[in-house]
Amino acid sequence: MVQLSSNFLFAAFILYLVGILFFGGAIKDKRHADKNAPNRWAKIGILVTIAGFLSQLTFFILRWIASGHAPVSNLFEFTTFFGMSLVGAFIVLYFMYKTPLLGMFTLPVAALIIAYGSMFPREVTPLIPALQSYWLHIHVTTTAIGQAILAVSFAAALIYLVKSVDQTKKSKSTLWLEVVLFGLVSTLGFVLVSSYFAATDYSANFNYINKEGQPATEEYTIPALVGPHQYELTDKNRLEPLFETPAIISAKKLNTVIWSFAAGILLYILFRLILRKRIAAALQPWTKNINLDLVDEISYRSVLIGFPVFTLGGLIFAMIWAQIAWTRFWGWDPKEVWALITWLFYAAFLHLRLSKGWHGEKSAWLAVIGFIIIMFNLVAVNLVIAGLHSYAGS
Amino acid sequence: MNEVKCECGHVNPHGTILCESCGRVLEEKEKEKQLLDMRYEGSARRSQTYNKTIIDKVWNFFSSVKVGVWLIVITLVASSLGTIFPQEMYIPPLMPPGQYYEEQYGWLGKLYYELGFHNLYSSWWYLLLIASIGVSLVICSLDRVIPLHRALNKQRVSRHESYLKRQRLYSVSESALTDDAVGKIKQKLSAKRYKLREENGDILAEKNRFSRWGPYVNHVGLIIFLIGGMLRFVPGMYVDEILWLREGETKAIPGTDGQYYLKNNAFIFEVYDKEKDDEVFQDAINKVGTVVKNYQTDATLYKRAGEIVPGEKPELEEIRDQSIQVNKPLKVDGFALYQVDYKLNEMSKMSFNLENKETGEQFGGVTLDLYEPDMEYDLGNGYRVEVMSYFPDFEFNADGEPATKSRIPNNPAFIFKMFTPDKPEGEVSFVAIRQNIEPLGDNDYKMTFNGVETKNVTALTVRKDLTLWIIGLGGLIFMIGVIQGAYWNHRRLWIRKIDNQIWTAAHTNKNWHGLKRELEMVFADTGIKAPEDQLVEEKKD
C-alpha cells in the first residue's frame, strides 16, 4: 500500500509539471485575447492541476491508512503535504481570480517543494510518544495549510516583481530578484544532486570524532567535499574530502549545502548562457498582460486569508498541544520561536499595508521575505537548529 | 475645545478632517488631494490633534503604527537571536552554563552567554519590548476605534460632491435615474446583503461594517492574552514542580499542600518491535534502530483523609488508578501530572553475606534497603552486622574522605562493623561496588556481595496553571477578531442625483477587486455606469 501510495505522489508530481506547460500555453495563446474568460489552455491547465491534487490526496489518504496516522510526522511527509496545500490554495485562488499566470508561478514552486521533500527518508515512521495524539493531525495540517496560503502570496509577489522591476538597467531590485530566483534554482540543484547520487547508490562511510570527543560514524550519500572532524574514510574508491570541519559543525549537512550551491551556480550560469539575460528579464514578457493591481491584490488577499489559518494552526493549536504533551503551552523552543517570528512578520506586513500604505512593490518584497522566513523555519530550524521539533528531520 | 461646524450644519469634534455627516473636507491640506485619505474616515484622532503635555507626547508615540511596527520588527529580530544557540533550559545541566557555552560553541558561545542571550526571553529588555507592544496595542486601538465608531455612526446618506468625486471608485452618468433602474439596483444590492438607506432619493448601501471592528477585537484578545501571561507571576496562579517516584513508592504531590498523594505501581518503557508491531514500520526501525513507543506510569491517586498531624503517617483514601502517558496527563483539582522523565533500573536493594575469609564459611546474609537501610542486623549465634556509615552516591571528596554526592543510590557504599564470636569488638570493613577496603588492618571476616535489586523511577511534572483560561479566552477573542477583519470587507456605495446626473462612488477597506466585480454586476443593464477605479485611470494617463 505504501508503494502504491508513492505512485500516486509521483503521478501528482508529473501532473503538476504538465499543468505548468498548459498555463504557459494559456499565456502565450494570442488567439483568445479576451481577458475576462480563461482560454482553453488555461481550462485544461486547471483540470490537470486538480487531477494532480486529487492524485496527491490519494497518496495522502492511502499512506494514512497504511501507517495508521496522518502522514505529516516526518520531514518528507510534512514537506509534501505543504506542497499539496500550496496547490490546493492555488486552486482556490484561481477560481477567485482566474489568472493562469499565477499557476505558472505557483506550480513550479510547489513541484520544487515536493521534490525537495522527497529527498528525505521516505520510510513510514512509527510515532514516538510525544506525537501520539490527534493534535498531530490538527496542528500540523492547519499550520501547513496556513503557510501554503501565505506562500501563494510569494508566487503572486514574484509575478509582481518580475513585471514591475525595470530590467533595462542594473539595480538593487534586479540583483535581489535574481538572488531569490537563484534560491529556487539552488533547490533544484539540491534535488538533482541528491537524485543522481541516490540513483547510483553512492555511499561513503567515515569514522570521526564528534563534538563530545567520542568516536562516531557517518554515512555520506553524496561525495564528501567536506569531511567530518578528524575523519577516516572507511570505504575504498570514494572521493577523499578536500577539507575537514571543526567538531561543532555538521560536516554532512555543510557538504550537502555546498553541493546544492555549486549545482545551483552551475545551473544558473547555464540558464544565463542560454537566455543571454537575467532570468527575471527572460520571465518578464510572460507577465505582459497581467494587471499589476490585480497581482498585488492576490498577494495581499492570500496573506489576509492565510494569516488567520496560520495563527490558528501554528500558534493556537500548537499551544494547546504543547500544553498537553510538553506540560507548557509555550517554551521558547526554536520552532516555536520561528513560528512567532513568522507571525510577527506577517503582522508587521498587514500593519504596513493597512496604515502606512505599503502597496505594490514594497508589499511584494515583504511577501518574498515572509516566504523566506517560512522556508527557513521548515529547512534550517529542522536541520540546523533542531530542538524539540527535531524528530521532524529524521 | 473649539469644535468644527461644517457647512452642512453638523458639529464635528476638534481635529476632524472629513465632516462626519456629509464628508466635506474640513482641513485645508486635504483639499488639494485628488483622492481622499479614507483611513479612519478622516475622524479626529487624539494623537493627531493634541501635542502639548507629556501625556500627549507619550500617547502620540505609542499611537503611531510606525512605532508599533518597529516594536514588532525589533522583537522579531531579538527573538531570532535567541535561537542561534540553545537556551539555558535546553542545555544539559552537567556543568555551569558559562562553561558549557564556551566548550560547545567557542568564543561565540562565550559572547552569547555574556550578553545574556542564553536566557534571552526572560531578560528585562525582552519583557520590556513585549510590554511596549502591549501598551502600543492599547493606545493605538483607543486612538482610532472611538473616533472611527463616531464617524461611521454619524454618516449621512447624501455625501457632499467633493467627497464623492474623491473616492477611488467614482463615476458620473448623464442619464436620469428611472424608477425601474433604481428598483433593479436596490434589488440586486439587497440580494448582495447590502443594507440600504435613502434620503431625498439618494442611496447609501453598506455592508459588513462589523469587519471594521476586527482589528480592535483582535487587539483586545492580544491584551487579554498578555495579561494572562503576566498573571503567572501572581503567587498561587502557577505551580511547576517535579515529582520523582520509584516503583512502589507513595509520595505527596508537591504543590497540593499534602492534599493529594500518588503511588507509582509500575513504570513501563516500551520500544517498537520489528516482529510484533506493524510491518510498515520495519524499514524505519531497521534504519534508526530503536524507536520509543511508550513511557507510562501506572499510578494510584490518593487523597488525604482527615487533618494533617505532624509526625504521623497520613491516612489516605484511594481516588482512582490511572496510567499516565505522554499526551495523557493525570488531572485532579486543577493540577495536571505529566510523564516527563524516567530512570530505568535504579538500585533499590543490595544483599551481602558475612563470610570467613579463610574458610569461606558463610554466617547469614543481610539485605539493605538502599533508600532507608536498617542500621543493625542480627544474624544469630553471636553474629551481628552494624552499618556504621552509608553513602548512597559514593565519592571521595576534596579532602580524600568518603562522602556522598546525592541521596540517590547511584553508587552505594557502606562501612560495616562485623561482630563475630571470635571478634567481639568487631572488625571494620568498607564496601563499595567492586571495592573492599579494610581500613583498620587485616580482617578475618568480610562482607561478600550477594546481588542487587532494581526498580524503575518515573518523573512527573506537576503543573497547575490558573492563567490558562484567560490565555485561552485571549486567543479565542484574537481569532474571532482576526477572522472578522480578514474574511469580510466593509463596503459602501453612494448614489446621488445631482442636477441631471447620477453620481456613484464606492469605498472598501480592502479587496477592491471584489468590490469592483460586485458593482459591475449590480449596475449591469441599468443604464448607469458602475463606479470606476480612478487609480487605474491615473496610471493609464
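If you sort the three axes of the alpha carbon gyration tensor as a ≥ b ≥ c, you get a/c of 1.5 or more for chain A and a/b above b/c, which makes it prolate.
May I ask you to give the percent of accessible area on the range B:248-388 that is carbon plus sulfur, with a probe radius of 1.4 Å? Carbon plus sulfur share of accessible area: 42 percent.
Inter-chain Cβ neighbour count for B:79-85, averaged per residue, equals 5 (cutoff 10 Å, partner chain atoms only).
How many Å² of accessible surface get buried when A and B come together, counting both sides, probe radius 1.4 Å, rounded to the nearest 100?
About 5000 Å² of accessible surface is lost on pairing.
DSSP beta bridges confined to the protein assembly as shown are antiparallel in about 100 percent of cases.
Which distance in nm do the two modelled labels at residue A:184 and residue B:240 give, with both placed 7 Å along the Cα-to-Cβ direction? If labels sit at residue A:184 and residue B:240, their model points lie 4.4 nm apart.
Specify the angular offset, from 0 to 90 degrees and rounded to the nearest 10, of the alpha carbon long axis of helix B:124-154 from the longest principal axis of the alpha carbons in chain B. Around 30 degrees separate the two axes. Computed from Cα positions, the angle between helix A:75-97 and the longest principal axis of chain A comes to roughly 10 degrees. Using R0 = 35 Å, the C-beta based FRET efficiency linking residue B:153 and residue B:70 works out to 0.60.
From the mean inverse distance of alpha carbon pairs (Kirkwood) and the Cα radius of gyration, derive Rg over Rh for chain B.
Values: Rg = 39.3 Å, Rh = 31.9 Å.
That ratio is 1.23, to two decimals.
Taking the alpha-carbon centroid of each part, what is the distance from the range A:306-322 to the range B:203-266 in angstrom? Between the Cα centre of the range A:306-322 and that of the range B:203-266, the gap is 16 Å.
Spin-label model, residue B:349/residue B:122: points 7 Å from Cα along the beta carbon direction are separated by 4.2 nm.
Tell me the mean residue ellipticity at 222 nm calculated for chain A from its helices only (DSSP H runs of n ≥ 4, each -39500 (n - 2.57), averaged over every residue, nearest 500). It would help to have the intermediate numbers written out before the result.
Details: 12 runs with 254 residues, N = 394.
Rounded to the nearest 500, the figure is -22500 deg cm²/dmol.
In plain terms, the bigger the Kirkwood radius, the slower the diffusion; for the range A:254-394, with that radius from Cα pairs, at 37 °C and 0.692 mPa s, Stokes-Einstein puts D at 183 µm²/s. Think of it this way: in chain B, B:140 stand alone, with no other Cys Cβ under 4.7 Å.
Assign one of three labels to the range B:140-287, namely rounded, prolate or oblate, based on the Cα gyration tensor with a ≥ b ≥ c the square roots of its eigenvalues; rounded applies when a/c is under 1.5, prolate when it is not and a/b is larger than b/c, and oblate otherwise. Mind showing how you got there, number by number?
Working: a/c = 4.83, a/b = 2.35, b/c = 2.06.
Cα axes put the range B:140-287 in the prolate bin.
Please list B:18, A:4, A:294 in order of solvent-accessible area, largest first, computed with a 1.4 Å probe with all protein chains present.
Numbers: B:18 5, A:4 85, A:294 30 Å².
Order by accessible area, largest first: A:4, A:294, B:18.
Helix content alone sets the calculated 222 nm mean residue ellipticity of chain B: runs of n ≥ 4 DSSP H residues at -39500 (n - 2.57) each, divided across all residues, give -9500 deg cm²/dmol. Taking all protein chains together, A:354, B:120, B:129 sort by accessible area into A:354, B:129, B:120, largest first [probe 1.4 Å].
Sorted by accessible area with a 1.4 angstrom probe, largest first, how do B:343, A:362 fall?
A:362, B:343
Quick check on the range B:29-72: take the gyration tensor over C-alpha atoms, sort the square-rooted eigenvalues as a ≥ b ≥ c, and tell me if it's rounded (a/c under 1.5), prolate or oblate. Before the final figure, lay out the partial values.
Numbers: a/c = 2.87, a/b = 1.53, b/c = 1.87.
It is oblate, given that a/c is not under 1.5 and a/b is not larger than b/c.
Counts of other chain beta carbons within 10 angstrom of each beta carbon in peptide A:326-336 average 6.
Structural size metrics of the range A:123-234, computed from C-alpha coordinates, are Rg and Dmax of 21.5, 58 Å.
Calculate how steeply helix B:65-81 sits against the longest principal axis of the alpha-carbon atoms of chain B, using the helix alpha-carbon long axis, and give the answer as 0 to 90 degrees to the nearest 10. With rounding to tens, the tilt is 30 degrees.
The range A:69-86 and the range B:46-110 have Cα centres separated by 33 Å.
With only Cα atoms counted, the range B:238-465 has Rg and Dmax values of 22.8, 69 Å.
Principal axis extents of the Cα atoms in the protein assembly as shown, from largest to smallest and rounded to whole angstrom, are 132, 74, 49.
For residue A:358, the residues whose amide H sits under 5 Å from its own are A:353, ignoring neighbours fewer than 5 places away on the same chain, with H placed 1.01 Å from N.
Restricting the calculation to Cα atoms, the range B:45-152 shows an Rg/Rh of 1.22 when the hydrodynamic-style radius is the Kirkwood one. Averaged over the residues of peptide B:261-267, the number of Cβ atoms from other protein chains lying within 10 Å of each residue's Cβ is 0.
Per residue, the range A:168-276 exposes 61 Å² of solvent-accessible protein surface, assessed with a 1.4 angstrom probe and all protein chains in place. Solvent-accessible area of residue A:336, all protein chains in place: 20 Å² (probe radius 1.4 Å, heavy atoms, ligands and nucleic acids excluded). Shape analysis of the range A:175-261 based on the Cα gyration tensor places the equivalent ellipsoid semi-axes at 27, 17, 9 Å, largest first. The value of relative contact order for chain A, using C-alpha pairs under 8 Å at least six residues apart, is 18 percent.
The values are calculated or read from the model by the stated rules, or taken from the named source; none is laboratory data. All values reported here derive from a predicted model rather than from experimental measurement. With ideal geometry, Cβ positions are generated from the backbone for all residues, glycine too; neighbour counts draw on all protein chains shown. Side chains are part of the model used for accessible areas, which takes the heavy atoms of the whole protein and leaves out ligands, DNA and RNA. Shrake-Rupley method; radii C 1.70, N 1.55, O 1.52, S 1.80 Å.
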